[in-house]
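Enquirer: One structure coming up, written as C-alpha cells, with questions to follow.
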Amino acid sequence: MPDAVREPPADPIAAVTHPDPWPYYRQLRETRPLYFDAGLQLWVASSQAAISEALHHRALTVRPPGEAVPAALQGTPAGQVFARLVRMTDGDFHAAHKPAVVQSAQRWTLSDVADASKAAAADLLPRLGPNELMSTLPVQVMARLLRVPDRQLETTCRQVQAFVQGIAPGAPETAVALASEAAGALMAQGQAEGLDAVMAANRMALMQQSLDATAGLLGHTVLMLRQHPVLADAADRSLAAMRAFVSEVERQQAPIQNTRRFAAQALQLAGQPIGKGQGVLLLLASGNRDPALNPRPDHFDVQRSDRRSLGFGAGAHACPGVAVAIETVAAGVMWTRAGGRFDACFGRLAGFRPLGNARIPVFDN
Ligand code: HEM
C-alpha cells in the first residue's frame, strides 16, 4: 500500500481504484484541465468548467455515433432493453421518455424509502458479508419500492445483477446470455403491471442504476463514519443529520468517479477542437474537488451551506435517483449502527473493485 500511494495513478482510469487519487486529479485540473490522453485515446476533462460545459453540450452524446447498442449486445434481448434506456439514449427519444422516468423515480416519500431500506437491511445483514450486502441492499430497496412481492425479491436482485454483469464492456458471451434471460424476466414483471416496453425497460433500469453507484455510496459512508468519529456521533442523532453526512460523502468521495461522452459531430469544448466520434472522459470526482465548485473542496464539511456536486451528473442526463440513493444509505446505515451491528459487519478496507468508473470499497469480511 505505501508504494502504491507514493506512485501517482498511471492514467485517469487507474485513478478510480488508486488509494489516493486526489493529488493526481488536482494536478490535472491545475495543469491540463482538458487534454487528449494518447494511451486511453480519450479527451480527459478534470475542471468543473470543462466538465459542466461537456455535460450541457448537445453534440456530446452518451453513446458513440453509429453504435447505439454495443456490438456484443446487438440482436440480443439485453440489447433491446439497452436501446430503450434513457441512460443510453439522446435526442428526441431521450427527451420524450426522460420526464416519465424522473416522475417514476421520484414518486416515493423519504419515509417510504427509509422503511424499505430498514426492511432490506433487516433481511440482508444477518446473512450476507459486507461486499455482497453493499451490492444487494440498494437493489432490494428499489425492488421493494417497486412492490416486487417478498417471495420474488431474491430472484429479482439476482436478475438485476446478471443484467449489469452482462452489459458491462468486455463481458463474455455466457454473461450476455444470462443478461438476456434476466432482461426477459424483468421486462415481464413491468409488462405485467401494464407498462409499455420503454417504461418496463426503464423500470428495471431503476434497480440496475441503483446497484454500483449506491454500493459505492454505502461503502464510502462506512469509511467516512470511521474516519470522523465525532461527526459520526452527531450523524447518529437524527436521520436528517445522517442525510447531510451522506451528501457530503457523495460530494467529497464521488463514488461515480467518471462518465463518458462522444462527439456526435466536430465541436469545440473549453476552446479545444474535438473530432467527430472522439470520446471525452469527464472526471466528476475531480470536478467536485475544484475550488471553483466548492470552497475548501478537500475539507469534509457536513455543514456546507451551498454544497455542489457533479457526482450525480448534470444537464439532460442528470440522475433522477439522488434523494432515493441518499435516503437508502442514510436509513440503512442508521438502522445498522443503532443495533450495534455496524462494526461487526464491515471489516478492514482491502482495496477497491476493479472497475473503470465506480470507486467501490472492498471490505474484509
Ligand atoms: C436508487 C439509486 C439510483 C437510481 C434509481 C438512479 C437512477 C439513474 C438514472 C435512471 C439515470 C439516467 C438518467 C438519464 O440518462 O437521463 C442516472 C444517471 C446518473 N446517476 Fe443515478 N441513480 C441512482 C443512484 C446514483 C448514485 C448513488 C450515484 C452517484 C453517487 C449516481 C450517479 C449518476 C450519474 C453520474 C448519472 C449520469 C450519468 C451520465 O450522465 O453520464 N446515481 N441515475
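Enquirer: Which condition does Thr328 not pass, out of (1) in contact with a Lys or Arg (Cβ under 9 Å, 6 or more places away or on another chain); (2) within 16 Å of the ligand (Cβ to nearest atom); (3) of a type in the set (S, T, N, Q), if it passes all the others?
Expert: Of everything listed in (1) in contact with a Lys or Arg (Cβ under 9 Å, 6 or more places away or on another chain); (2) within 16 Å of the ligand (Cβ to nearest atom); (3) of a type in the set (S, T, N, Q), Thr328 misses just condition (1).
Enquirer: Continuing with the same structure: Out of all the residues in region 86-108, which are over 21 Å from the mean Cα position of the chain (by Cα) and either buried (at least 19 other Cβ atoms within 10 Å of the Cβ) or not charged (D, E, K, R) (or both)?
Expert: Gly91, Phe93, Ala95, Ala96, listed by residue number.
The rows are residues; the columns are (1) closer than 24 Å to Asp90 by Cβ; (2) within 9 Å of the ligand (Cβ to nearest atom).
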residue	(1), (2)
Thr259	yes, yes
Phe262	yes, no
Leu267	yes, no
Val280	yes, no
Ala285	yes, no
Arg359	no, no
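Enquirer: Of everything in region 96-124 that's of a type in the set (Ser, Thr, Tyr) and away from the ligand (no atom under 13 Å from the Cβ), which residue is nearest to Gln209 (Cα to Cα)?
Expert: Per the stated criteria, the residue is Thr109.
Enquirer: A further question follows. Which residue out of Ala15, Ala45, Ala50, Ala83 is buried (at least 21 other Cβ atoms within 10 Å of the Cβ), of a type outside the set (Val, Ile, Thr) and within 29 Å of Val176 (Cβ to Cβ)?
Expert: Ala15
Enquirer: With the structure loaded, tell me whether Leu310 is in contact (Cβ under 8 Å) with a residue 12 or more places away in the chain, assigned to a loop (DSSP other than H, G, I, E, B), of a type in the set (A, V, I, L, M) and closer than 21 Å to Thr61 by Cβ or whether it fails that test.
Expert: yes
Enquirer: State which residue is surrounded by the fewest Cβ atoms within 10 Å (Cβ to Cβ) when the search covers only region 215-249 and only residues that are more than 21 Å from Ser111 (Cβ to Cβ) and near the ligand (Cβ under 10 Å from one of its atoms).
Expert: Looking at residues that are more than 21 Å from Ser111 (Cβ to Cβ) and near the ligand (Cβ under 10 Å from one of its atoms), I get His220.
Since every read-out is calculated from the coordinates, none of them should be taken as a lab result. As the structure is a computational prediction, the values presented were derived from the model and not from experiment. A quick note on method: Cβ atoms are made from the backbone with ideal geometry, for glycine too, and the neighbour counts reach across all protein chains shown.
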